[in-house]
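Data first, discussion second: the structure below is written as C-alpha coordinates.
The values are calculated or read from the model by the stated rules, or taken from the named source; none is laboratory data. All figures in this text were calculated on a predicted structure; none of them were measured in a lab. With ideal geometry, Cβ positions are generated from the backbone for all residues, glycine too; neighbour counts draw on all protein chains shown.
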Amino acid sequence: MKYYLEVQFTLSGPLPDESKEEIEELLKLFAEKTQESRDKGEFEFTQWNTKDNKLDITISSIDSLTPHVAVLRLRKQLAATLGKKYRVGLRGFNFVKYTIETELEDKPVKEFSLPLVNKLEFFEKEGKNYAKLDIDPEIEEDFVEKGAIERIVRRVGEKISKQHYGAKSEHHQISWYSGEKKHFTDENPTQLMQKANWIQRTNYRNQWILTPTLTTLAEALKQIMVDYVYEPLGFNQMMIPKLVDWSIWLRSEHAEGIYQGGFEPYFVVQPNSADPEYFEEIADYITITKTIPSEKLAEKVSAPIGGLSYAQCPPFWSWLQGKTVAKESLPIKVYDWSGPTYRYESGSAYGFERVDELHRIETLFIGSPEQTKEIGMQVKDKLRVIFEEVLDLEVREAKVTPWWLQQSAHEDEMDSAEDLVVGTIDYEAYMPYRGKREESEWLEIQNISIIGQKYPKGFSVKAEGNIELWSGCGGGSFERFLTAFVSQKGLDKNNWSEKFLKYIDKLPEPVKFH
(Lines give C-alpha, C1' and ligand atoms only; values in the text may rest on other atoms or scores of the structure.)
Protein backbone atom coordinates (compact mmCIF):
# COMPACT_ATOMS: atom_id res chain seq x y z
CA MET A 1 0.00 0.00 0.00
CA LYS A 2 1.18 3.52 -0.77
CA TYR A 3 0.44 6.52 1.44
CA TYR A 4 1.06 10.23 1.09
CA LEU A 5 0.07 12.59 3.91
CA GLU A 6 0.44 16.32 4.43
CA VAL A 7 -0.46 17.10 8.04
CA GLN A 8 -0.51 20.37 9.98
CA PHE A 9 -0.07 20.54 13.74
CA THR A 10 -1.50 23.55 15.56
CA LEU A 11 0.66 24.85 18.41
CA SER A 12 -0.09 27.17 21.30
CA GLY A 13 2.48 29.62 20.01
CA PRO A 14 5.36 30.06 17.53
CA LEU A 15 8.42 27.84 17.87
CA PRO A 16 11.82 29.45 18.55
CA ASP A 17 14.53 28.93 15.92
CA GLU A 18 16.61 26.82 18.31
CA SER A 19 13.85 24.17 18.40
CA LYS A 20 14.19 23.31 14.73
CA GLU A 21 17.34 21.25 15.15
CA GLU A 22 15.64 19.24 17.87
CA ILE A 23 12.56 18.63 15.72
CA GLU A 24 14.80 17.52 12.85
CA GLU A 25 16.52 15.00 15.14
CA LEU A 26 13.21 13.75 16.53
CA LEU A 27 11.84 13.10 13.02
CA LYS A 28 15.07 11.42 11.92
CA LEU A 29 15.09 9.03 14.89
CA PHE A 30 11.38 8.27 14.45
CA ALA A 31 11.89 7.31 10.79
CA GLU A 32 14.99 5.22 11.57
CA LYS A 33 13.24 3.25 14.32
CA THR A 34 10.25 2.68 12.07
CA GLN A 35 12.50 1.28 9.33
CA GLU A 36 14.44 -0.89 11.81
CA SER A 37 11.23 -2.43 13.16
CA ARG A 38 10.14 -3.66 9.72
CA ASP A 39 11.68 -6.13 7.30
CA LYS A 40 10.40 -4.35 4.23
CA GLY A 41 8.73 -1.15 3.14
CA GLU A 42 9.72 2.49 3.11
CA PHE A 43 8.84 5.26 5.55
CA GLU A 44 10.12 8.83 5.49
CA PHE A 45 9.36 12.42 6.40
CA THR A 46 9.90 14.04 3.03
CA GLN A 47 9.75 17.62 4.31
CA TRP A 48 8.70 19.80 7.21
CA ASN A 49 8.58 23.49 8.14
CA THR A 50 7.15 25.86 10.72
CA LYS A 51 5.36 29.17 10.37
CA ASP A 52 3.75 31.14 13.19
CA ASN A 53 1.96 28.55 15.34
CA LYS A 54 1.85 25.83 12.65
CA LEU A 55 4.09 22.81 12.09
CA ASP A 56 3.67 21.23 8.63
CA ILE A 57 4.98 17.72 7.97
CA THR A 58 4.81 15.55 4.84
CA ILE A 59 5.00 11.78 5.19
CA SER A 60 5.49 9.13 2.51
CA SER A 61 5.03 5.42 3.22
CA ILE A 62 5.05 2.26 1.09
CA ASP A 63 4.07 -1.01 2.79
CA SER A 64 5.19 0.41 6.13
CA LEU A 65 3.77 2.32 9.08
CA THR A 66 0.66 4.21 8.00
CA PRO A 67 1.16 7.99 8.16
CA HIS A 68 -1.94 8.66 10.29
CA VAL A 69 -0.70 6.16 12.91
CA ALA A 70 2.68 7.87 12.74
CA VAL A 71 0.94 11.19 13.40
CA LEU A 72 -0.78 9.78 16.51
CA ARG A 73 2.55 8.49 17.85
CA LEU A 74 4.47 11.58 16.83
CA ARG A 75 1.92 13.82 18.52
CA LYS A 76 2.87 12.46 21.94
CA GLN A 77 6.60 12.83 21.31
CA LEU A 78 6.27 16.36 19.96
CA ALA A 79 4.05 17.41 22.85
CA ALA A 80 6.58 16.10 25.37
CA THR A 81 9.59 17.67 23.64
CA LEU A 82 8.12 21.07 22.83
CA GLY A 83 6.19 21.45 26.03
CA LYS A 84 8.98 20.59 28.44
CA LYS A 85 11.76 22.62 26.87
CA TYR A 86 10.04 25.43 24.97
CA ARG A 87 6.73 25.79 26.82
CA VAL A 88 4.83 25.36 23.56
CA GLY A 89 1.71 23.18 23.67
CA LEU A 90 0.34 21.00 20.89
CA ARG A 91 -3.37 21.70 20.40
CA GLY A 92 -4.23 19.28 17.62
CA PHE A 93 -3.71 18.39 14.00
CA ASN A 94 -5.57 18.37 10.71
CA PHE A 95 -4.91 16.74 7.38
CA VAL A 96 -4.09 18.95 4.42
CA LYS A 97 -3.91 16.10 1.92
CA TYR A 98 -4.03 12.34 2.44
CA THR A 99 -4.01 9.82 -0.42
CA ILE A 100 -3.93 6.05 -0.12
CA GLU A 101 -3.37 3.48 -2.86
CA THR A 102 -4.35 -0.11 -2.13
CA GLU A 103 -4.32 -3.25 -4.25
CA LEU A 104 -7.64 -5.00 -4.84
CA GLU A 105 -8.52 -8.65 -5.40
CA ASP A 106 -11.18 -7.70 -7.94
CA LYS A 107 -12.17 -4.61 -9.86
CA PRO A 108 -15.56 -3.17 -8.86
CA VAL A 109 -18.66 -4.16 -10.82
CA LYS A 110 -19.71 -0.51 -10.56
CA GLU A 111 -18.04 2.47 -8.96
CA PHE A 112 -19.21 3.83 -5.60
CA SER A 113 -18.41 6.50 -3.01
CA LEU A 114 -17.66 6.34 0.71
CA PRO A 115 -18.15 8.70 3.67
CA LEU A 116 -15.04 10.68 4.67
CA VAL A 117 -13.53 10.10 1.21
CA ASN A 118 -13.50 13.07 -1.16
CA LYS A 119 -12.48 11.05 -4.19
CA LEU A 120 -12.30 7.32 -4.92
CA GLU A 121 -10.68 6.14 -8.16
CA PHE A 122 -10.13 2.64 -9.53
CA PHE A 123 -7.35 1.80 -11.97
CA GLU A 124 -5.30 -1.07 -13.36
CA LYS A 125 -1.51 -1.26 -13.45
CA GLU A 126 0.69 -4.14 -14.60
CA GLY A 127 -2.27 -6.50 -14.62
CA LYS A 128 -3.34 -5.67 -11.06
CA ASN A 129 -6.35 -3.72 -9.76
CA TYR A 130 -5.98 -0.74 -7.43
CA ALA A 131 -8.03 1.89 -5.65
CA LYS A 132 -6.86 5.40 -4.86
CA LEU A 133 -8.56 7.22 -1.98
CA ASP A 134 -8.41 10.92 -1.17
CA ILE A 135 -9.35 11.14 2.51
CA ASP A 136 -11.50 14.12 3.49
CA PRO A 137 -9.15 16.62 5.21
CA GLU A 138 -12.02 17.54 7.55
CA ILE A 139 -12.00 14.08 9.12
CA GLU A 140 -12.10 14.45 12.91
CA GLU A 141 -9.15 13.51 15.11
CA ASP A 142 -11.46 11.28 17.11
CA PHE A 143 -12.32 9.23 14.02
CA VAL A 144 -8.64 8.84 13.16
CA GLU A 145 -7.85 7.68 16.70
CA LYS A 146 -10.64 5.11 16.66
CA GLY A 147 -9.61 3.39 13.44
CA ALA A 148 -11.92 5.02 10.89
CA ILE A 149 -9.24 5.19 8.19
CA GLU A 150 -8.44 1.50 8.51
CA ARG A 151 -12.15 0.75 8.21
CA ILE A 152 -12.45 3.01 5.15
CA VAL A 153 -9.73 1.03 3.35
CA ARG A 154 -11.24 -2.29 4.44
CA ARG A 155 -14.70 -1.14 3.36
CA VAL A 156 -13.52 -0.68 -0.23
CA GLY A 157 -12.65 -4.37 -0.44
CA GLU A 158 -15.83 -5.40 1.37
CA LYS A 159 -18.08 -3.47 -1.00
CA ILE A 160 -16.36 -4.93 -4.05
CA SER A 161 -16.62 -8.44 -2.59
CA LYS A 162 -20.31 -7.84 -1.94
CA GLN A 163 -20.82 -6.70 -5.53
CA HIS A 164 -19.28 -9.91 -6.83
CA TYR A 165 -21.04 -12.07 -4.23
CA GLY A 166 -24.37 -10.55 -5.18
CA ALA A 167 -23.91 -11.93 -8.69
CA LYS A 168 -23.42 -15.46 -7.36
CA SER A 169 -25.98 -17.89 -6.01
CA GLU A 170 -25.88 -18.23 -2.24
CA HIS A 171 -24.40 -21.43 -0.84
CA HIS A 172 -27.34 -23.78 -0.39
CA GLN A 173 -26.76 -27.44 0.43
CA ILE A 174 -29.63 -29.79 1.28
CA SER A 175 -28.53 -31.85 4.29
CA TRP A 176 -31.80 -33.61 5.22
CA TYR A 177 -35.25 -34.19 3.72
CA SER A 178 -38.40 -35.53 5.35
CA GLY A 179 -39.49 -37.22 2.16
CA GLU A 180 -42.67 -36.52 0.26
CA LYS A 181 -45.82 -35.95 2.33
CA LYS A 182 -49.45 -36.01 1.32
CA HIS A 183 -50.94 -32.58 0.75
CA PHE A 184 -54.60 -31.69 0.52
CA THR A 185 -54.70 -28.43 -1.42
CA ASP A 186 -52.95 -26.59 -4.23
CA GLU A 187 -54.47 -23.22 -3.34
CA ASN A 188 -52.64 -20.13 -2.10
CA PRO A 189 -52.72 -20.43 1.74
CA THR A 190 -53.11 -16.70 2.27
CA GLN A 191 -56.19 -16.61 0.07
CA LEU A 192 -57.57 -19.74 1.74
CA MET A 193 -57.29 -18.20 5.20
CA GLN A 194 -58.75 -14.89 4.02
CA LYS A 195 -61.80 -16.57 2.47
CA ALA A 196 -62.35 -18.51 5.69
CA ASN A 197 -62.09 -15.33 7.83
CA TRP A 198 -59.07 -16.74 9.70
CA ILE A 199 -56.97 -13.64 8.94
CA GLN A 200 -57.57 -10.09 7.78
CA ARG A 201 -55.20 -7.51 6.41
CA THR A 202 -55.15 -4.16 8.24
CA ASN A 203 -55.00 -0.73 6.63
CA TYR A 204 -51.23 -0.77 7.13
CA ARG A 205 -48.87 -2.51 4.73
CA ASN A 206 -48.02 -6.17 5.39
CA GLN A 207 -49.81 -6.32 8.75
CA TRP A 208 -52.48 -8.90 9.56
CA ILE A 209 -55.04 -9.63 12.27
CA LEU A 210 -55.07 -13.22 13.52
CA THR A 211 -58.64 -14.16 14.43
CA PRO A 212 -59.48 -16.52 17.34
CA THR A 213 -59.42 -19.49 14.96
CA LEU A 214 -55.86 -18.98 13.78
CA THR A 215 -54.70 -17.73 17.18
CA THR A 216 -55.74 -21.12 18.60
CA LEU A 217 -53.35 -22.80 16.17
CA ALA A 218 -50.58 -20.36 17.11
CA GLU A 219 -51.07 -21.13 20.80
CA ALA A 220 -50.94 -24.85 20.01
CA LEU A 221 -47.61 -24.31 18.25
CA LYS A 222 -46.27 -22.50 21.31
CA GLN A 223 -47.09 -25.45 23.54
CA ILE A 224 -45.59 -27.89 21.05
CA MET A 225 -42.32 -25.91 21.11
CA VAL A 226 -42.32 -26.06 24.91
CA ASP A 227 -43.07 -29.79 25.07
CA TYR A 228 -40.72 -30.90 22.32
CA VAL A 229 -37.83 -28.40 22.50
CA TYR A 230 -37.67 -26.11 25.50
CA GLU A 231 -38.72 -28.34 28.40
CA PRO A 232 -36.70 -31.43 27.38
CA LEU A 233 -33.57 -29.33 26.72
CA GLY A 234 -33.89 -27.14 29.84
CA PHE A 235 -34.67 -23.77 28.26
CA ASN A 236 -36.27 -21.00 30.31
CA GLN A 237 -38.61 -18.29 29.04
CA MET A 238 -37.70 -14.63 29.34
CA MET A 239 -39.06 -11.31 28.12
CA ILE A 240 -36.72 -9.29 25.90
CA PRO A 241 -37.31 -5.58 25.09
CA LYS A 242 -38.79 -4.77 21.71
CA LEU A 243 -37.38 -1.24 21.43
CA VAL A 244 -33.71 -1.33 20.48
CA ASP A 245 -31.40 1.69 20.74
CA TRP A 246 -28.52 2.30 18.34
CA SER A 247 -25.85 1.22 20.85
CA ILE A 248 -27.12 -2.37 20.65
CA TRP A 249 -27.27 -2.51 16.86
CA LEU A 250 -23.78 -0.99 16.69
CA ARG A 251 -22.38 -3.74 18.91
CA SER A 252 -24.26 -6.49 17.07
CA GLU A 253 -23.08 -4.94 13.77
CA HIS A 254 -26.63 -4.85 12.42
CA ALA A 255 -26.39 -1.08 11.95
CA GLU A 256 -23.55 -1.56 9.45
CA GLY A 257 -25.92 -3.48 7.16
CA ILE A 258 -28.81 -1.03 7.40
CA TYR A 259 -31.01 -1.42 4.31
CA GLN A 260 -28.26 -3.34 2.51
CA GLY A 261 -30.31 -6.48 1.95
CA GLY A 262 -30.27 -7.94 5.43
CA PHE A 263 -31.40 -5.39 8.00
CA GLU A 264 -34.52 -3.33 7.32
CA PRO A 265 -35.63 -1.80 10.63
CA TYR A 266 -38.57 0.33 11.63
CA PHE A 267 -37.22 3.50 13.25
CA VAL A 268 -38.36 4.93 16.57
CA VAL A 269 -38.47 8.67 17.31
CA GLN A 270 -39.22 10.65 20.47
CA PRO A 271 -41.21 13.88 20.92
CA ASN A 272 -38.99 16.91 21.35
CA SER A 273 -41.21 17.86 24.29
CA ALA A 274 -44.03 16.25 26.25
CA ASP A 275 -45.54 19.65 27.08
CA PRO A 276 -49.20 19.68 25.92
CA GLU A 277 -48.76 23.23 24.59
CA TYR A 278 -45.98 22.01 22.30
CA PHE A 279 -48.46 19.78 20.47
CA GLU A 280 -51.56 21.96 20.83
CA GLU A 281 -51.36 23.28 17.27
CA ILE A 282 -51.14 19.71 15.95
CA ALA A 283 -54.11 18.62 18.06
CA ASP A 284 -56.16 21.59 16.84
CA TYR A 285 -55.31 20.84 13.20
CA ILE A 286 -56.36 17.18 13.55
CA THR A 287 -59.60 18.16 15.32
CA ILE A 288 -60.56 20.62 12.60
CA THR A 289 -59.39 18.80 9.46
CA LYS A 290 -59.59 15.14 10.58
CA THR A 291 -56.23 14.60 8.89
CA ILE A 292 -52.69 14.14 10.24
CA PRO A 293 -50.26 16.99 9.39
CA SER A 294 -47.30 14.63 8.87
CA GLU A 295 -44.75 17.26 7.87
CA LYS A 296 -45.56 19.52 10.82
CA LEU A 297 -45.47 16.50 13.14
CA ALA A 298 -42.05 15.47 11.81
CA GLU A 299 -40.67 18.84 12.96
CA LYS A 300 -41.69 18.08 16.53
CA VAL A 301 -39.96 14.71 16.94
CA SER A 302 -36.35 13.65 17.30
CA ALA A 303 -34.06 11.88 14.88
CA PRO A 304 -34.38 8.09 15.24
CA ILE A 305 -33.07 6.87 18.61
CA GLY A 306 -33.11 3.28 17.36
CA GLY A 307 -35.91 1.05 16.19
CA LEU A 308 -38.42 -1.67 16.85
CA SER A 309 -36.96 -5.11 17.47
CA TYR A 310 -35.86 -6.75 14.22
CA ALA A 311 -35.08 -10.00 16.06
CA GLN A 312 -34.89 -10.66 19.79
CA CYS A 313 -31.26 -11.73 19.79
CA PRO A 314 -29.44 -8.33 19.81
CA PRO A 315 -31.40 -6.68 22.67
CA PHE A 316 -30.99 -9.87 24.72
CA TRP A 317 -27.25 -9.22 24.91
CA SER A 318 -27.62 -5.94 26.79
CA TRP A 319 -28.51 -8.18 29.78
CA LEU A 320 -25.03 -9.74 29.71
CA GLN A 321 -23.04 -6.78 28.38
CA GLY A 322 -19.76 -6.21 30.23
CA LYS A 323 -20.40 -9.05 32.68
CA THR A 324 -18.52 -12.23 33.56
CA VAL A 325 -20.82 -15.25 33.63
CA ALA A 326 -20.21 -17.75 36.44
CA LYS A 327 -19.10 -21.20 35.29
CA GLU A 328 -22.03 -22.76 37.16
CA SER A 329 -24.52 -20.70 35.09
CA LEU A 330 -23.30 -22.11 31.78
CA PRO A 331 -24.79 -22.96 29.42
CA ILE A 332 -27.49 -20.28 29.32
CA LYS A 333 -30.60 -21.47 27.42
CA VAL A 334 -33.58 -19.13 26.95
CA TYR A 335 -36.44 -18.44 24.58
CA ASP A 336 -38.70 -15.43 23.94
CA TRP A 337 -42.03 -14.84 22.21
CA SER A 338 -43.23 -11.97 24.38
CA GLY A 339 -44.18 -9.65 21.54
CA PRO A 340 -44.00 -8.96 17.82
CA THR A 341 -40.88 -7.99 15.90
CA TYR A 342 -40.76 -5.72 12.85
CA ARG A 343 -39.12 -5.74 9.45
CA TYR A 344 -39.82 -3.26 6.70
CA GLU A 345 -40.37 -5.72 3.86
CA SER A 346 -39.42 -4.32 0.47
CA GLY A 347 -41.78 -4.16 -2.46
CA SER A 348 -45.47 -4.92 -2.38
CA ALA A 349 -45.36 -8.07 -0.25
CA TYR A 350 -48.77 -9.71 -0.22
CA GLY A 351 -48.74 -13.12 1.44
CA PHE A 352 -49.26 -13.92 5.10
CA GLU A 353 -45.77 -15.41 5.11
CA ARG A 354 -44.09 -12.07 4.35
CA VAL A 355 -45.16 -9.51 6.90
CA ASP A 356 -43.81 -6.34 8.49
CA GLU A 357 -45.17 -7.26 11.93
CA LEU A 358 -44.36 -10.87 12.78
CA HIS A 359 -44.77 -13.04 15.87
CA ARG A 360 -41.37 -14.60 16.16
CA ILE A 361 -40.01 -17.28 18.50
CA GLU A 362 -36.35 -16.67 19.41
CA THR A 363 -34.23 -19.52 20.77
CA LEU A 364 -30.93 -18.46 22.40
CA PHE A 365 -28.07 -20.46 23.90
CA ILE A 366 -24.62 -19.52 25.21
CA GLY A 367 -21.77 -21.64 26.49
CA SER A 368 -18.37 -23.06 25.65
CA PRO A 369 -17.85 -24.00 21.98
CA GLU A 370 -18.56 -27.64 22.82
CA GLN A 371 -21.73 -26.81 24.77
CA THR A 372 -22.99 -24.45 22.07
CA LYS A 373 -22.45 -26.93 19.25
CA GLU A 374 -24.12 -29.71 21.22
CA ILE A 375 -27.17 -27.59 22.05
CA GLY A 376 -27.44 -26.46 18.43
CA MET A 377 -27.51 -30.08 17.25
CA GLN A 378 -30.10 -30.98 19.91
CA VAL A 379 -32.40 -28.08 18.93
CA LYS A 380 -31.99 -29.00 15.26
CA ASP A 381 -33.04 -32.58 15.89
CA LYS A 382 -36.05 -31.56 18.02
CA LEU A 383 -37.25 -29.20 15.29
CA ARG A 384 -37.09 -32.08 12.81
CA VAL A 385 -39.51 -34.03 15.01
CA ILE A 386 -41.94 -31.09 15.27
CA PHE A 387 -42.05 -30.37 11.56
CA GLU A 388 -41.95 -33.92 10.24
CA GLU A 389 -43.86 -35.91 12.87
CA VAL A 390 -46.10 -33.53 14.85
CA LEU A 391 -47.15 -31.25 12.00
CA ASP A 392 -46.54 -33.91 9.33
CA LEU A 393 -44.97 -31.36 6.99
CA GLU A 394 -42.78 -31.96 3.99
CA VAL A 395 -39.63 -30.11 4.95
CA ARG A 396 -35.93 -30.10 4.28
CA GLU A 397 -32.83 -28.71 5.92
CA ALA A 398 -30.59 -26.47 3.87
CA LYS A 399 -27.12 -25.57 5.01
CA VAL A 400 -26.68 -21.94 3.99
CA THR A 401 -23.73 -19.63 4.33
CA PRO A 402 -24.77 -16.01 4.92
CA TRP A 403 -22.66 -13.35 3.23
CA TRP A 404 -21.04 -12.27 6.52
CA LEU A 405 -19.80 -15.84 7.04
CA GLN A 406 -18.60 -16.40 3.48
CA GLN A 407 -16.29 -13.45 3.92
CA SER A 408 -14.93 -14.73 7.26
CA ALA A 409 -12.27 -17.17 8.40
CA HIS A 410 -14.96 -19.63 9.50
CA GLU A 411 -16.04 -20.61 6.01
CA ASP A 412 -13.96 -23.81 6.06
CA GLU A 413 -15.74 -24.97 9.22
CA MET A 414 -18.91 -25.61 7.20
CA ASP A 415 -17.44 -28.78 5.74
CA SER A 416 -19.84 -31.54 6.74
CA ALA A 417 -23.34 -32.29 5.55
CA GLU A 418 -24.48 -33.21 9.06
CA ASP A 419 -22.38 -31.29 11.58
CA LEU A 420 -23.50 -27.80 12.53
CA VAL A 421 -20.36 -25.85 13.42
CA VAL A 422 -20.43 -22.13 12.60
CA GLY A 423 -23.16 -21.17 10.18
CA THR A 424 -26.88 -21.49 9.56
CA ILE A 425 -29.34 -24.26 8.78
CA ASP A 426 -32.69 -23.24 7.31
CA TYR A 427 -35.82 -25.35 7.54
CA GLU A 428 -37.72 -25.04 4.30
CA ALA A 429 -41.27 -26.23 3.61
CA TYR A 430 -42.68 -27.29 0.26
CA MET A 431 -45.52 -25.02 -0.91
CA PRO A 432 -47.70 -27.05 -3.35
CA TYR A 433 -49.42 -24.00 -4.82
CA ARG A 434 -46.08 -22.75 -6.13
CA GLY A 435 -45.59 -25.72 -8.46
CA LYS A 436 -43.48 -28.85 -8.63
CA ARG A 437 -41.11 -29.69 -5.78
CA GLU A 438 -38.04 -29.67 -8.00
CA GLU A 439 -38.76 -26.31 -9.59
CA SER A 440 -40.65 -24.13 -7.10
CA GLU A 441 -39.40 -21.93 -4.31
CA TRP A 442 -39.68 -23.51 -0.86
CA LEU A 443 -40.57 -21.36 2.16
CA GLU A 444 -38.01 -20.85 4.92
CA ILE A 445 -39.94 -21.32 8.17
CA GLN A 446 -37.19 -21.61 10.80
CA ASN A 447 -33.43 -21.40 11.15
CA ILE A 448 -30.84 -22.50 13.66
CA SER A 449 -27.39 -20.89 13.76
CA ILE A 450 -24.11 -21.24 15.57
CA ILE A 451 -22.71 -17.71 15.66
CA GLY A 452 -19.42 -18.42 17.42
CA GLN A 453 -17.75 -15.55 19.32
CA LYS A 454 -19.49 -12.72 17.44
CA TYR A 455 -21.90 -11.61 20.19
CA PRO A 456 -19.78 -12.35 23.30
CA LYS A 457 -16.99 -10.27 21.77
CA GLY A 458 -19.30 -7.54 20.49
CA PHE A 459 -20.93 -7.09 23.91
CA SER A 460 -17.77 -7.73 26.00
CA VAL A 461 -19.17 -10.80 27.73
CA LYS A 462 -16.74 -13.15 29.48
CA ALA A 463 -16.96 -16.38 31.42
CA GLU A 464 -15.37 -17.38 34.71
CA GLY A 465 -12.11 -19.25 34.29
CA ASN A 466 -11.40 -17.71 30.87
CA ILE A 467 -13.82 -20.14 29.23
CA GLU A 468 -14.22 -19.22 25.57
CA LEU A 469 -17.83 -18.18 24.95
CA TRP A 470 -19.87 -18.99 21.87
CA SER A 471 -23.53 -18.37 21.17
CA GLY A 472 -26.23 -19.78 18.97
CA CYS A 473 -29.77 -18.80 18.12
CA GLY A 474 -32.78 -19.79 16.09
CA GLY A 475 -35.87 -17.99 14.89
CA GLY A 476 -39.17 -18.74 13.26
CA SER A 477 -42.51 -16.98 13.03
CA PHE A 478 -46.03 -18.30 13.57
CA GLU A 479 -47.02 -16.60 10.33
CA ARG A 480 -44.61 -18.79 8.36
CA PHE A 481 -45.32 -21.97 10.34
CA LEU A 482 -49.04 -21.59 9.73
CA THR A 483 -48.67 -20.59 6.07
CA ALA A 484 -46.64 -23.73 5.40
CA PHE A 485 -49.09 -25.87 7.36
CA VAL A 486 -52.19 -24.57 5.56
CA SER A 487 -50.38 -24.76 2.21
CA GLN A 488 -49.91 -28.52 2.64
CA LYS A 489 -52.78 -29.59 4.91
CA GLY A 490 -55.53 -27.08 4.13
CA LEU A 491 -58.19 -25.85 6.56
CA ASP A 492 -60.03 -29.11 7.20
CA LYS A 493 -58.80 -30.47 10.54
CA ASN A 494 -59.73 -33.99 9.42
CA ASN A 495 -56.58 -33.83 7.33
CA TRP A 496 -54.36 -32.76 10.23
CA SER A 497 -52.15 -35.13 12.18
CA GLU A 498 -53.38 -36.66 15.43
CA LYS A 499 -50.30 -35.38 17.28
CA PHE A 500 -51.16 -31.81 16.31
CA LEU A 501 -54.86 -32.17 17.07
CA LYS A 502 -54.02 -33.23 20.65
CA TYR A 503 -52.98 -29.62 21.27
CA ILE A 504 -56.32 -28.16 20.12
CA ASP A 505 -59.18 -28.53 22.63
CA LYS A 506 -61.64 -26.68 20.46
CA LEU A 507 -61.16 -24.78 17.22
CA PRO A 508 -63.30 -21.60 17.39
CA GLU A 509 -65.73 -21.16 14.53
CA PRO A 510 -64.84 -18.20 12.30
CA VAL A 511 -67.01 -15.11 12.71
CA LYS A 512 -69.40 -14.80 9.77
CA PHE A 513 -70.25 -11.51 8.04
CA HIS A 514 -73.24 -10.52 5.89
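Data for the structure
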| quantity | calculated |
| --- | --- |
| Condition check for residue 26: surrounded by 13 or more Cβ atoms within 10 Å (Cβ to Cβ) and not in a helix (DSSP H, G or I) | no |
| Residue that is surrounded by 23 or more Cβ atoms within 10 Å (Cβ to Cβ) and either in contact (Cβ under 8 Å) with a residue 24 or more places away in the chain or among the β-branched types (Val, Ile, Thr) (or both), where the choices are 504, 450 | 450 |
| So residue 469, is it over 24 Å from residue 341 (Cβ atoms), of a type in the set (A, V, I, L, M) and in the same structural domain as residue 350 (by TED's automatic domain parsing) | yes |
| Those residues of the range 86-102 which are modelled with pLDDT under 95, surrounded by fewer than 16 Cβ atoms within 10 Å (Cβ to Cβ) and among the β-branched types (Val, Ile, Thr), in sequence order | none |
| Among residues of the range 406-442, those that are within 26 Å of the chain's Cα centre (by Cα) and either among the charged types (D, E, K, R) or modelled with pLDDT of 95 or more (or both), counted | 11 |
| Qualifying residue in the range 13-30 (condition: at pLDDT below 95, among the small types (Gly, Ala, Ser) and within 24 Å of residue 147 (Cα to Cα)) | no |
| Some residue of the range 24-32 being of a type outside the set (D, E, K, R), more than 19 Å from residue 8 (Cα to Cα) and free of Cβ contacts under 8 Å to residues at least 12 places away in the same chain | yes |
| Any hit, the range 112-135, residues being farther than 30 Å from residue 495 by Cβ and in contact (Cβ under 8 Å) with a residue 60 or more places away in the chain | no |
| Answer from 124, 141, 111, 105 - the residue that is of a type in the set (Asp, Glu), surrounded by 12 or more Cβ atoms within 10 Å (Cβ to Cβ) and at negative phi | 141 |
| Members of the range 197-239 found to be among the polar types (S, T, N, Q) and on the phi < 0 side of the Ramachandran plot, listed by number | 200, 202, 203, 207, 211, 213, 215, 216, 223, 236, 237 |
| Residue 362 being within 22 Å of residue 460 (Cα to Cα), at pLDDT 95 or above and buried (at least 21 other Cβ atoms within 10 Å of the Cβ) | yes |
| Residue check for residue 375: among the hydrophobic types (A, V, I, L, M, F, W, C), in contact (Cβ under 8 Å) with a residue 60 or more places away in the chain, outside any loop (DSSP other than H, G, I, E, B) and surrounded by 21 or more Cβ atoms within 10 Å (Cβ to Cβ) | yes |
| Segments classed as helices (runs of 4 or more DSSP H), wholly inside the range 418-504, with at least 1 members that are over 18 Å from residue 252 (Cβ atoms) | 478-489, 498-501 |
| Odd one out for residue 366, checked against (1) more than 21 Å from residue 443 (Cα to Cα); (2) among the β-branched types (Val, Ile, Thr); (3) part of a helix (DSSP H, G or I) | (3) |
| Residues of the range 45-85 satisfying the condition of being farther than 24 Å from residue 138 by Cβ and surrounded by fewer than 16 Cβ atoms within 10 Å (Cβ to Cβ) | 62, 63, 77, 80, 83, 84, 85 |
| Test: residue in the range 177-193 that is modelled with pLDDT of 95 or more, surrounded by fewer than 17 Cβ atoms within 10 Å (Cβ to Cβ), closer than 30 Å to residue 444 by Cα and touching a strand residue (DSSP E or B) at 6+ places or on another chain (Cβ under 7 Å) | yes |
| Selection count where residues are farther than 19 Å from residue 341 by Cα and not basic (Lys, Arg), scope the range 187-210 | 11 |
| The range 72-93, residues that are of a type in the set (Ser, Thr, Tyr) and farther than 20 Å from residue 52 by Cβ | none |
| In the range 296-329, the residues that are assigned to a helix (DSSP H, G or I), over 29 Å from the mean Cα position of the chain (by Cα) and surrounded by 11 or more Cβ atoms within 10 Å (Cβ to Cβ) | 296, 297 |
| Count of residues meeting criterion [of a type in the set (Val, Ile, Thr) and either touching a strand residue (DSSP E or B) at 6+ places or on another chain (Cβ under 7 Å) or at pLDDT 95 or above (or both)] in the range 242-260 | 2 |
| Counted residues, the range 271-284 - those being surrounded by 12 or more Cβ atoms within 10 Å (Cβ to Cβ) and in contact (Cβ under 8 Å) with a residue 24 or more places away in the chain | 2 |
| Residue ID - nearest to residue 356 (Cα to Cα), chosen from residues in the range 245-295 that are part of a loop (DSSP other than H, G, I, E, B) and among the charged types (D, E, K, R) | 264 |
| Odd one out for residue 229 among (1) β-branched (Val, Ile, Thr); (2) closer than 23 Å to residue 354 by Cβ; (3) within 27 Å of the chain's Cα centre (by Cα) | (2) |
